[in-house]
Every structure is written in C-alpha cells, then in structure tokens.
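Q: Take this structure first; my questions come after.
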Amino acid sequence: MSVVALSPGYTGEIKDRVENFHGKQLLFIGWEDHLMYCAPMCIPVPPDLPFGALIAEIIPGLYAAHPDTAKIDWSRVVWLRSGEAFAPDAAKSLTDNGLGHKALLRFRTPGLDGINGSCS
Amino acid sequence: MNTPLAGKRPKTLSLKENYALLTRGLGWNTTYEPMDEVFPQDKFEGIKIHDWNKWEDPFRLTMDAYWKYQGEKERKLYAIIDAFQQNNGQFNVSDARYINTLKLFLTGVSPLEYAAHRGFAMAGRNFRGAGASIAAQMQAIDELRHAQTQAHTISHYNKFFNGLHDYMHMYDRVWYLSVPKSYFEDAMTAGPFEFVTAISFSFEYVLTNLLFMPFMSGAAFNGDMATVTFGFSAQSDESRHMTLGLEVVKFILEQDPGNIPIVQRWLDKWFWRGYRLLTLVAMMMDYMLPKRVMSWGEAWEMYFEQNGGALFNDLSRYGIRMPKYHEVATKEKDRLSHDAWGAFYNYTHAAVFHTWMPEDSEMKWLSEKYPKTFDKLYRPRFEFWREQQQKGQRFYNNTLPMLCQICQVPMFFTEPDDPTKICYRESDYRDNKFHFCSDGCKDIFDHEPEKYVQSWLPVHQIYQGNCFRPGTDPSVPGFDPLLEVLHYYGFHVGEDGGEYQDSPDRKNWELWTGKPGAAA
C-alpha cells in the first residue's frame, strides 16, 4: 500500500527530484564520532565533481572550526556509502564513485574521536 | 424558532434534553443526495462505524453552557493581562533568557492551535454522526480561542523584545518551524478518523502533559504571570479535549474489530511523530528556563513511562498495545535535550530566538539530572564552545544540515544503543533515496511513500532557490544566499537569533531593569 487516499491510484510529486537543483545534486556528508557539528551536512554539488575535491577543499571547509580537522590523515580515512565501506577513486567523479543524488557519504577518521575523546 | 406564546413562559430544557436535541435532534439522513456523497471522507480510511448514536460526549456540553463558561474565562484573562501590562510585568521574569521560551511557543505552538482549529472544523464537517460533529466543532472554537489569547498575551512582550514580530509568516517558512507545521499538516491531510486519533488521542491525551505543563509551570516558576493566566484559561478546555480523545478512540475500537489494526498503526505513527515534536520542549525545559521546573528525563518518566503505561494497560482489553518504539524514546531521554540544544547552538544565527551556553551552576544541575550522559558526552563539547566564545570565536555551523524526510528535524539523533553514533536509516523509492532519523520515521515513510515524497524540506527548498523574496536576483555579485533566506523568513538580522550574550535583548534587559541578563 503506497498511500491511503480518497482516489484510487493516487500518486505524489517527488519534491526533491534531481532536475529541481539546477544541474547540481545533493550530497550528505557525516563525520563519524564528531558530533560538535550536530548533524550530517547537506550540500549541492556538480555530479562530475572529482571525489578528490571533497578531500582537498570541501570537507575541510565544512568542518573548519573543529580542532580535529587539521589532524585528519586522509590516507587512513574509512569511507562509507549508505553505510557500506567502499574505496573511492579520488580522480573519478562522484557519479563514477557511485554517489548519485541524495547519496550519503560518511567518513571515519581512525585515531580521532572528538573533543577530549567525547565523540564531540 | 421557539417564539414564546403570549402569556406563557417558554419551557426550560434540562441539560440532558438540551444536549440530546443539539447532537441528535439536529442530525438527519439526507434524501435528495446519498449520505455517502454528502459525507465522502468518512469511509476511505477503512474505519467502520455501525452506530453513530453510540457516540457519547462525556461533557455533554451545550452551546449556552459553552458560551457562558468561555465568556467568564475571557473576562478574567483580559483583566489580568491589563494589570500585567500596566505593572510592566515583563520585567519581573527571571531574566531575559526566559523570553526565548515565549518566542519558541509563539512561533512553534500558537500556530498549531490555529491549525487545530482548522483541522477540527474539517473533522466536524466530515463526520456523519451529529454527536461527533458537534464535539469537533466545539473543539475547533476552543482552538481558535487559544490561538487568539496566546497572541494577545505574548504581543505585549513584542513591545520590548526581539523575535516576536511575525510568527505566522515565519511558521510557513522557517526551517525548524517546518517540524510542527509538517506534523500538523500530515494529520490534516489524512482522513477525519486518523486526524482525531492523531490529535485528540495521541497528542491531546497521551502527550499534551509534556507540552503544556512544562511551558505553563515554566512560566509560573519564572515569574511570567501573563502566560500562566492564558495557560489556566486553556486548561479546562485541555482537560475536555483529553477526555474526548480517549472517548474517540474507545468509540472507534468498539464499533468494529476491523478497526483495531488500523487504529494501532495510527497510534504507532502518531506517538512517534508527537514524540519527535516534543524534542523542542525537551530543550526548552533543560536549557531555556532560567529557573527549571523538572528535567525532561523526569517529565518523561512521570508523564509517559508511568501515566502512559497505565493508559495502555487499560486499552489492552481492546487489543491495543503500547506504541511501537516507545522504548527508543525512553532510551533517548538522557540525550534528547542536550542534542537539540547543541543543534540550535550550531544554527542559532538562523533561528528567531537566542541560544547560550549554560552557566557553571546550570552545568552542575545538568550533571545531577543526567549522571549517565552529561559529563561524558556533552560537557566537553559545551566547555569547548564556551572557551571559543570567550576568545571571541563563538561557534556557528555555516552549512545546512541533513533533515529527516518525515519529522524534518536535522539528523542529530543517535543510535538507540549508542549515543556516539548518528542514527541513519534510508529507503529507495521510485529511483530516489530518502533518509530518516529513526526506525519510527522510516516505518511511516515505507507505509505511505506517495505522501511523504512530497515533504517540503526547508534545506532542499533553499537549494532549489525557492526561499528568496520575490524579485531577488541570485546572479548579482556578492549575493549571499543564506542572508537572503533570513530576509525571506522575515527576521531582523542582527537582532533576532544569534548568541544571547551579544544580543540587544540582553543589553536592553540590563539597561531597563538593572538586573543581570543571566544567572552567574
């Protein structure tokens, strides 16, 4: 059952279709064990953005105020795509890395566990 | 019309006769049009009613009694508000931080009263039983009165403090106000039986003590006699609404055994939606009241674990069990308020009320009330923020958060069994991904995805360019999209929201009262 409705066969308009974002798509980014930034971020990105740009520019900028940000060793980072571990190719685009519209990208930074180890 | 005959006194009806005429005598079965076409909305939800006459309003309220009681309450309320204003009562509250609870109430709760007025008016139209219809119409009038008395009471504060100037405009636009708005619109766009189960039972009966009590006793503890008074004025209506909520559900359950699984699903859904909405109340209780009444954790234990448990025990004879995921809510009780306050601290520059870090004495209270979580998980974060602020680097989060598709709260909730890990859930539907903060919210989506693919998520709407004022040109050099969004919200940027310590509200309070703006 997809909805309890007055008219049979009722369907709804998907409000957040990728076509509504002017050529961009949404990417959700969450840093594990770092809850000072209270929730995962939502940013609009071009689908052909190289994954490497996330590491080099975008993610450090998003978390600029966190004391752990400068200490991240990107070679040791564990990446999760919709909760599953995966090995992104920095030279390839988000699309080629399997990160489509409204993809969820999480990363864990071994050895870094937030302010005074509190996962903040 | 009962025009009196000359020389004869009109017969006075007993209350019982009066009520019977109102709720049964005024109903009739239509003959020109089939009843199903006159009342097209009371069958599609699958609820079967065999005998509308079994509906009994426990209060048997009649119109003349209703006008009399409400009129008396209005006279008392407005007399007290007058006295409050003439005596500058706004300066007798604990300190100016307290006013932020009123900002939250006026923008987040008063519009729900108005929405409830509309919702009950619609339910009153859509029930074919006259008793149910009359009860819904009376509640519709109550709710309109509540919206009005709240606006009248709080408008006095608008003369002295920021952030109270345009609450209905904000309710339809601001990112965190989409949480209460979407909650109510979800109920109003369901059928009339789901609406009354959601609002009359799941909210008014099961959860309202966790909304109304904290705001009204918070007002009393913090010296806000005006708010206490509208609270009292609404309280007798609230008890009537609560009783009605229980009667509604019992009536539906007794009419047909097929109704039981439908009602149980609604109870599961609306418990969870109502509980997520109460996140705002949790942080108000633990962080926004300068003088605290009780902690959120204690309120949850008293009003849900004990009272709610007893209620669902009573309902078990109908085949109803406790709402799904109630145990998750109980696991979250030591974290909810801290996570929520932290989130508003992140984004307070985009809110219409101020946030601040608790003082030492308040951190001590939090440690005592939350021995399992506060010192371990939250104190380090809060002390870091306080240090940053003292260095002139007050922390703000400048990136928009990911939202839950159902409750629309930023995804700050943690795993039920691990308070250090964000709880992520997702579903794929029609080639799109949808994300949720909890199993409770994911279940709601998975049951009716066609409804919730339409959610108006503020963050996504901003990125689609739908949250600017008409005529805004995003292509001009130096365009600041987030600043434009705040203008669209109707905020007075630099006055509303942001850090309390730096706010005009605090400066004015100290100037006008000579009292400190916050406890030491």
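The values are calculated or read from the model by the stated rules, or taken from the named source; none is laboratory data. Everything numeric here is computed off the predicted structure, so don't read it as measured data. Glycine also receives a Cβ, built like all others from the backbone with ideal geometry; neighbour counts cover every protein chain displayed. For accessibility, only protein heavy atoms count, side chains too; no ligands or nucleic acids. Shrake-Rupley method; radii C 1.70, N 1.55, O 1.52, S 1.80 Å.
Q: Given the Cα atoms of region B:81-198, and with Rh set as the inverse mean 1/r over their pairs in the Kirkwood sense, what is Rg to Rh to two decimals?
A: Rg/Rh: 1.07.
Q: Could you estimate the translational diffusion coefficient of region B:51-148 from the Stokes-Einstein equation, with Rh from the Kirkwood formula over C-alpha pairs, at 20 °C and 1.002 mPa s, in whole µm²/s?
A: Rounded to a whole number, D works out at 134 µm²/s.
Q: Show that you can apply the helix-only estimate: for chain B, add -39,500 (n - 2.57) for every DSSP H stretch of four or more residues, divide by all residues, and state [θ] at 222 nm to the nearest 500.
A: Calculated from helices alone, the mean residue ellipticity at 222 nm is -15500 deg cm²/dmol.
Q: In addition: What Kirkwood radius, in Å to one decimal, follows from the Cα pairs of chain A?
A: 16.0
Q: Can you compute log10 of I(q)/I(0) for region A:77-120 with the Debye formula, treating each Cα as one identical point scatterer, at q = 0.13, 0.18, 0.19, 0.29 Å⁻¹?
A: Taking Cα atoms of region A:77-120 as identical point scatterers yields -0.36, -0.61, -0.65, -1.03.
Q: What's the lysine pair count for region B:1-80 at a Cα cut-off below 19 Å, pairs eight or more apart or interchain? Intermediate values should be presented prior to the final figure.
A: On the way: B:16/B:54; B:16/B:68; B:43/B:54; B:68/B:76.
Total qualifying Lys-Lys pairs in region B:1-80 comes to 4.
Q: Okay, moving on. Karplus couplings for region B:239-248 from phi (6.51 cos²θ - 1.76 cosθ + 1.60, θ = phi - 60°), rounded to Hz, Gly and Pro as x?
A: 5, 5, 5, 5, 4, 4, x, 5, 5, 4
Q: With viscosity set to 1.002 mPa s and temperature to 20 °C, compute the Stokes-Einstein D of the protein assembly as shown, Rh being the Kirkwood radius across alpha carbon pairs; µm²/s, no decimals.
A: For these conditions, the coefficient is 81 µm²/s.
Q: Specify the residue with the greatest mean-square fluctuation among A:95, A:109, A:11, computed from a Gaussian network of chain A linking alpha-carbon atoms under 10 Å apart.
A: A:11
Q: Given a Förster distance of 35 angstrom, what is the FRET efficiency for residue B:511 paired with residue B:168, based on the Cβ-Cβ distance and rounded to 0.05? Please report the intermediate quantities before stating the final value.
A: Working: r = 30 Å, r/R0 = 0.87.
Once rounded, the FRET efficiency stands at 0.70.
Q: Where does each of A:118, B:155 land when they are ordered by accessible area, with a 1.4 Å probe and the largest first?
A: On the way: A:118 5, B:155 60 Å².
Ranked list, largest accessible area first: B:155, A:118.
Q: Now for a separate question. One-quarter of the Cα convex hull surface for region B:417-506, in nm²?
A: Here the figure is 10.1 nm², rounded to one decimal.
Q: For chain B, what does the relative contact order come out to in percent, with C-alpha contacts under 8 Å and a separation of six or more?
A: 17
Q: Moving on. Calculate the tail of P(r) for chain B: the fraction of all Cα-Cα distances greater than 40 Å, expressed in %.
A: Value for chain B: 26 percent of Cα pairs lie more than 40 Å apart.
Q: Ordering A:101, B:169, B:354 by accessible area with a probe of 1.4 Å, largest first, what comes out?
A: Numbers: A:101 35, B:169 55, B:354 0 Å².
The most accessible residue leads, giving B:169, A:101, B:354.
Q: Please give every one of the aspartates and glutamates within straight-line cross-link reach of residue A:92, meaning a C-alpha to C-alpha distance under 12 Å, and leave out same-chain neighbours fewer than 8 residues apart.
A: Partners found: A:48.
Q: Something else about it: Residue by residue, what Karplus-based ³J(HN,Hα) values in Hz, rounded to whole numbers, does region A:86-92 have, using 6.51, -1.76 and 1.60 with θ = phi - 60° and x for Gly and Pro?
A: With the stated coefficients, region A:86-92 comes to 8, 10, x, 9, 4, 7, 8 Hz.
Q: Same structure again: Extension gain residue B:64-residue B:36, at 0.36 nm per residue separation less the Cα-Cα distance, in nm? Please list the in-between numbers first.
A: Values: separation 28, 0.36 × 28 = 10.08 nm, distance 3.17 nm.
Gain on extension, residue B:64 to residue B:36, equals 6.9 nm.
Q: What does the C-alpha gyration tensor say about the overall shape of region B:1-111? Classify as rounded when a/c is under 1.5, otherwise prolate if a/b is larger than b/c, or oblate.
A: On the way: a/c = 3.57, a/b = 1.54, b/c = 2.31.
Because a/c hits 1.5 or more and a/b fails to exceed b/c, region B:1-111 counts as oblate.
Q: Compute the distance from the alpha-carbon center of region B:424-438 to that of region B:111-134, in whole Å.
A: Between the Cα centres of region B:424-438 and region B:111-134 lies a distance of 33 Å.
Q: Scan around residue B:414 for amide H atoms under 5 Å from its own, H built in the peptide plane at 1.01 Å from N, and keep only partners 5 or more places away or cross-chain.
A: B:423
Q: Over region B:122-264, one equal point on each Cα, no solvent: what is log10 I(q)/I(0) by the Debye formula at q = 0.17, 0.19, 0.22 Å⁻¹?
A: Taking Cα atoms of region B:122-264 as identical point scatterers yields -1.09, -1.28, -1.52.
Q: Report the FRET efficiency, 1/(1 + (r/R0)^6), for residue B:375 and residue B:298, where r is their Cβ-Cβ distance and R0 is 22 Å, rounded to 0.05.
A: In this case the efficiency is close to 0.75.
Q: Using a 10 angstrom cutoff on alpha carbons, build the Gaussian network for chain A and name the most mobile of A:72, A:59, A:14.
A: A:14
Q: Still on this structure: Using only Cα positions of region B:222-261, each an equal point scatterer, no hydration layer, compute I(q)/I(0) via Debye at q = 0.23, 0.31, 0.36 Å⁻¹ and quote the log10 values to two decimals.
A: -0.74, -0.92, -1.03
Q: Cα-Cα over 19 Å: which of B:250/B:331; B:159/B:507; B:103/B:159; B:181/B:451; A:71/B:376; B:364/B:421?
A: In this structure, B:250/B:331; A:71/B:376; B:364/B:421 lie more than 19 Å apart at Cα.
Q: Of all the C-alpha pairs in region B:184-291, what % are more than 16 Å from each other?
A: Roughly 63 percent, rounded to a whole number.
Q: Moving on to the next point. Protein chains only, probe 1.4 Å: how do B:345, B:463 rank by accessible area, largest first?
A: Heavy-atom accessible area, descending, gives B:463, B:345.
Q: What do you get when you divide the Cα radius of gyration of region B:370-520 by 2.2 N^0.38 Å, with N the number of residues?
A: On the way: Rg = 20.2 Å, N = 151, 2.2 N^0.38 = 14.8 Å.
Dividing the Cα Rg of region B:370-520 by 2.2 N^0.38 Å gives 1.36.
Q: Across region B:109-121, in residue order, what do the Karplus-derived ³J(HN,Hα) couplings come to in whole Hz, using 6.51 cos²θ - 1.76 cosθ + 1.60 with θ = phi - 60° and x for Gly and Pro?
A: These are the phi-based 3J(HN,Hα) values: 10, 4, x, 6, 4, 5, 4, 5, 4, 5, x, 6, 4 Hz.
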